[in-house]
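A quick write-up on the structure given underneath.
The values are calculated or read from the model by the stated rules, or taken from the named source; none is laboratory data. Values in this document were obtained by computation on a predicted structure and should not be read as measured data. So basically every Cβ, Gly included, is an ideal-geometry build from the backbone, and we count neighbours across all protein chains shown.
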Amino acid sequence: MQADSRTAILAALGANLGIAIAKFVGWGMTGAASMLAEAVHSVADTSNQALLLWGGSAARRQPSETHPFGYGMERYFWSFIVALVIFSVGGLFALAEGIEKLRHPHDVANVAWAVGILVMAIGLETLSFRTAIVASRPLKGRSSWMTFVRRSKNPELPVVLLEDLGALVGLVLALAGVSLAYWTGDARWDAVGSIAIGVLLVAIAVTLVVEMKSLLIGESATPEHIDAIGETLASAEDIERIIHMRTMHLGPDHLLVAAKVAFRRGMSFSEVAAAIDAAEDRIRERVPIARTIFVEPDVYKNGPDTGSEA
């Protein structure tokens, strides 16, 4: 796991732990449904940061006989689990609590406590969100934030970004619910705030589940990396044609490349072997995360290059 990802996770962990404690105090003082929903949300977020750190640690294990390509996909698996936690512990709980309070509303007590804690939490979450944004910008480049979330091979930063964004919007919803319940004298506004938080968290969780599932079952390299690998192979003097090529991420920093190529006719076995080694070295130099490379010599047959990525 890169240092910037770890920094973002630790910042979110510290912020969410402090916020969770404060929210539970606020819920105890006010009995507000939206405050309880936010407290449970922060507990889920805190556990999620711990899971992301665990995944990063597990992914660093050396390849073994049973896992010869290493454990890099641990980071995808635990990020997928985090998405499920957001859905179940955060989203569904907030929905259930809101619906229950909508059916059986009761007045919110000590509103000043709730407002003060929520404002403090917004400040802490803003700092955590800012840290995640700063850590993500070098990887995001010129693409939009939505594109970064959908295309990033680093699972932790999109998770932390969406978690922090959801937490900030959720806090605003909780603040609105508590305030409207106090100003109107209608406690159902507090329940509506809790339901809105639940819908928000479920939407974020579904987004993350879809993206993490895609990474978990195996995504190809980015178009930029595919082009770079293809250009590197095509520019080799001894390679006449790329017949087809496949790539797959075995982790954020571990790319598998398998290519079938047609070499110059008349080359000896030793010359082909040397050309393969040279091609692999050039690919690793151009795309450092291409750590596992298989280049297979073959004879090109006239016809479409079925499934070619290059």
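List of remarks:
- Selection status of S220, within 28 Å of H67 (Cβ to Cβ), of a type in the set (G, A, S) and in a loop (DSSP other than H, G, I, E, B): yes
Let's see how each residue does on (1) among the aromatic types (F, W, Y); (2) touching a residue at least 40 places away in the same chain (Cβ under 8 Å); (3) under 26 Å from G193 (Cβ atoms):
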{"site": "V89", "(1), (2), (3)": "no, yes, yes"}
{"site": "F93", "(1), (2), (3)": "yes, yes, yes"}
{"site": "I117", "(1), (2), (3)": "no, yes, yes"}
{"site": "F129", "(1), (2), (3)": "yes, no, yes"}
{"site": "S143", "(1), (2), (3)": "no, no, no"}
{"site": "R150", "(1), (2), (3)": "no, yes, no"}
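- Looking only at region 125-148, and only at residues there that are surrounded by 20 or more Cβ atoms within 10 Å (Cβ to Cβ) and either outside the structural domain of D190 (by TED's automatic domain parsing) or among the hydrophobic types (A, V, I, L, M, F, W, C) (or both), the one that is modelled with the highest pLDDT: F129
- Scanning region 1-49 for residues that are farther than 22 Å from L162 by Cβ and in contact with a Pro (Cβ under 9 Å, 6 or more places away or on another chain) returns a single hit, A33.
- Flag for M35 being of a type outside the set (F, W, Y), closer than 21 Å to L171 by Cβ, at pLDDT below 80 and surrounded by fewer than 24 Cβ atoms within 10 Å (Cβ to Cβ): no
- Figure legend. Inter-residue proximity from region 15-35: first residues in contact (Cβ under 8 Å) with a residue 40 or more places away in the chain, second residues of a type in the set (F, W, Y) and in a helix (DSSP H, G or I), beta-carbon distance below 6 Å, spacing 6+ or different chains. Indicated pairs: G26/W113; M29/W113; T30/W113; M35/W27.
- The single condition among (1) of a type in the set (S, T, N, Q); (2) touching a helix residue (DSSP H, G or I) at 6+ places or on another chain (Cβ under 8 Å); (3) loosely packed, with under 14 Cβ neighbours inside 10 Å that Q62 does not satisfy is (2).
- Single residue of region 239-289 satisfying the filter (farther than 30 Å from E74 by Cα and in contact (Cβ under 8 Å) with a residue 60 or more places away in the chain) that is surrounded by the fewest Cβ atoms within 10 Å (Cβ to Cβ): E240
- Considering region 265-304, the residues that are part of a loop (DSSP other than H, G, I, E, B) and among the hydroxyl-bearing types (S, T, Y) include one that is farthest from I229 (Cα to Cα), namely S268.
- Residues that are without any contact (Cβ under 8 Å) to a residue 60 or more places away in the chain and over 27 Å from the mean Cα position of the chain (by Cα) do occur in region 187-194, at least one of them.
- Selection over region 223-264 of residues that are assigned to a helix (DSSP H, G or I), of a type in the set (V, I, T) and more than 25 Å from the chain's Cα centre (by Cα) gives a count of 2.
- The set of residues from region 259-310 being within 19 Å of E237 (Cβ to Cβ), modelled with pLDDT of 90 or more and of a type in the set (D, E, K, R) comprises K260, E271, D277, E280, D281, R282, R284, E285, R286, E296.
- Test: residue in region 168-191 that is in contact with a Lys or Arg (Cβ under 9 Å, 6 or more places away or on another chain) and basic (K, R): yes
- Of all the numbered requirements in (1) modelled with pLDDT of 85 or more; (2) surrounded by 15 or more Cβ atoms within 10 Å (Cβ to Cβ), D190 misses one, and that requirement is (1).
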